[in-house]
1. How about segment 106-119: which of its residues are over 11 Å from residue 157 (Cβ atoms) and not basic (Lys, Arg)?
2. When you go through (1) free of Cβ contacts under 8 Å to residues at least 60 places away in the same chain; (2) crowded, with 20+ Cβ neighbours inside 10 Å; (3) touching a Ser or Thr at 6+ places or on another chain (Cβ under 7 Å) one by one for residue 121, which number turns out not to apply?
3. Answer yes if at least one residue in segment 31-43 is within 17 Å of residue 99 (Cα to Cα), touching a helix residue (DSSP H, G or I) at 6+ places or on another chain (Cβ under 8 Å) and of a type in the set (Ser, Thr, Tyr), and no otherwise.
4. Among the numbered criteria (1) of a type in the set (Lys, Arg); (2) out of contact with any helix residue (DSSP H, G or I) (no Cβ under 7 Å at 6 or more places or on another chain); (3) within 20 Å of residue 180 (Cα to Cα), which single criterion is violated by residue 2?
5. Tally time: how many residues in segment 1-42 are part of a loop (DSSP other than H, G, I, E, B) and touching a residue at least 24 places away in the same chain (Cβ under 8 Å)?
6. Looking only at segment 60-87, how many residues end up being under 18 Å from residue 149 (Cα atoms), aliphatic (A, V, I, L, M) and surrounded by 14 or more Cβ atoms within 10 Å (Cβ to Cβ)?
7. Just need a number here: residues in segment 107-118 that are of a type in the set (Gly, Ala, Ser), without any contact (Cβ under 8 Å) to a residue 60 or more places away in the chain and surrounded by 16 or more Cβ atoms within 10 Å (Cβ to Cβ).
8. Within segment 245-257, can one find any residue that is surrounded by 14 or more Cβ atoms within 10 Å (Cβ to Cβ), over 27 Å from residue 106 (Cα atoms), of a type outside the set (Ser, Thr, Tyr) and at pLDDT 75 or above?
Amino acid sequence: MRVCIVGGGGYLGCELASRLQSHGAHTVLLDVNFSTSNLSKLNEKLTTVVQGSLLDETKVSEALSGCESCFHLAAYGMSGIQAFNRELVFRINVDGTVLLMDYCKKLGVTRFVYTSSVGVIFTNKELVNVTEDYPYPDESEYYSAYSASKARAEKLVLAADCPELRTCALRLRGIYGPGEPRSTGRAADIIHKGLFIAFFAQKERAFTQYSGIHNVTHAMYQADLELSKKVSQMCWKGLPHRRRQPSGFVVLLDTAD
C-alpha cells in the first residue's frame with residue numbers, strides 16, 4: 001500500500017508515517033520543511049520525501065501519484081504572526097484542501113483523512129462534553145481566521161464524500177507525546193526551570209482535553225481502514241479525538257513531572 005501524508009515533515013506526520021510503515025505501507029511525505037530528527041525514525045526504504053507546498057500542483061501530483069489514500073495534516077496560521085494573515089490562512093487551509101481532493105479524484109486516490117481541529121466549534125461560549133453533532137457557529141463568530149478556515153475546509157471535506165473518494169475528518173486538540181515540541185516540550189521546559197504558572201479562569205477550574213500522539217496515529221490508521229470498507233460507518237462524520245477524561249493544563253505538567 002502506498003499512502004501520501006500532506007504535512008508529513010513534522011512531528012505528527014512522521015509519527016503517523018512510522019505507524020503506517022509498521023503495517024507495511026510505503027509513505028510519501030509532502031511538506032515545505034522537514035525535520036531531520038523526525039525523518040530519522042522512519043524506514044528509508046518505505047519513505048519518499050517530496051518537498052514543496054500543497055498549493056504547488058506539480059508537487060501535489062508527484063506526491064499523490066500511485067497512492068491509495070491521502071492524510072491531510074498540513075495547516076497554516078494556528079499561532080504567531082501568521083495567524084493575522086487571513087487571506088493566506090484561507091488560501092492554504094481551504095483552497096489547498098480543495099486542490100488536494102481534486103487531485104485525489106484525478107489520480108485515483110480513493111480515501112481522504114482530514115485532520116481538523118476542535119476549534120471548528122469554538123467561539124465565546126463554554127462547551128462541556130459536546131459531541132460531533134454540535135452545530136457549526138456562523139463564520140462571523142470565530143475569534144481566529146484559523147478556526148474559521150478549518151471549519152470551512154471540514155465542511156467541504158465531509159460534503160465531498162462519494163464512492164470515488166471516501167472522506168472523513170478527525171478533530172484534534174493539542175497533541176502531546178514523546179519528542180513533541182509544543183505542549184510536551186514546553187511543559188518539560190517549565191518543569192526543568194522550576195517556574196510557577198498562574199491561571200485565571202472564569203470558573204473554579206477550566207477544563208480542556210489533549211490528544212496523545214499514539215492515540216491520534218491509531219485513530220488515523222483506523223479511520224483510513226474504515227474508509228477502505230465497502231460500507232463505512234463514519235464517512236460523513238467530523239469526529240473529535242482527545243483524551244477520555246478532561247483535564248487542566250496543570251495536570252499535563254503534573255504528568256510530565
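1. If the condition is that a residue be over 11 Å from residue 157 (Cβ atoms) and not basic (Lys, Arg), then 107, 108, 109, 110, 117, 118, 119 are the ones that fit.
2. (3) is the only condition that residue 121 fails.
3. No, the conditions are met nowhere in segment 31-43.
4. Tallying (1) of a type in the set (Lys, Arg); (2) out of contact with any helix residue (DSSP H, G or I) (no Cβ under 7 Å at 6 or more places or on another chain); (3) within 20 Å of residue 180 (Cα to Cα), residue 2 fails exactly one: (3).
5. Qualifying residue count for the region: 12.
6. 5
7. So the count comes out to 1.
8. No, segment 245-257 contains no residue that is surrounded by 14 or more Cβ atoms within 10 Å (Cβ to Cβ), over 27 Å from residue 106 (Cα atoms), of a type outside the set (Ser, Thr, Tyr) and at pLDDT 75 or above.
The values are calculated or read from the model by the stated rules, or taken from the named source; none is laboratory data. Fair warning: this is a prediction, and the values are worked out from it, not measured in the lab. Don't worry about glycine lacking a Cβ; one is built from the backbone with ideal geometry, like all the others, and counts go over all protein chains shown.
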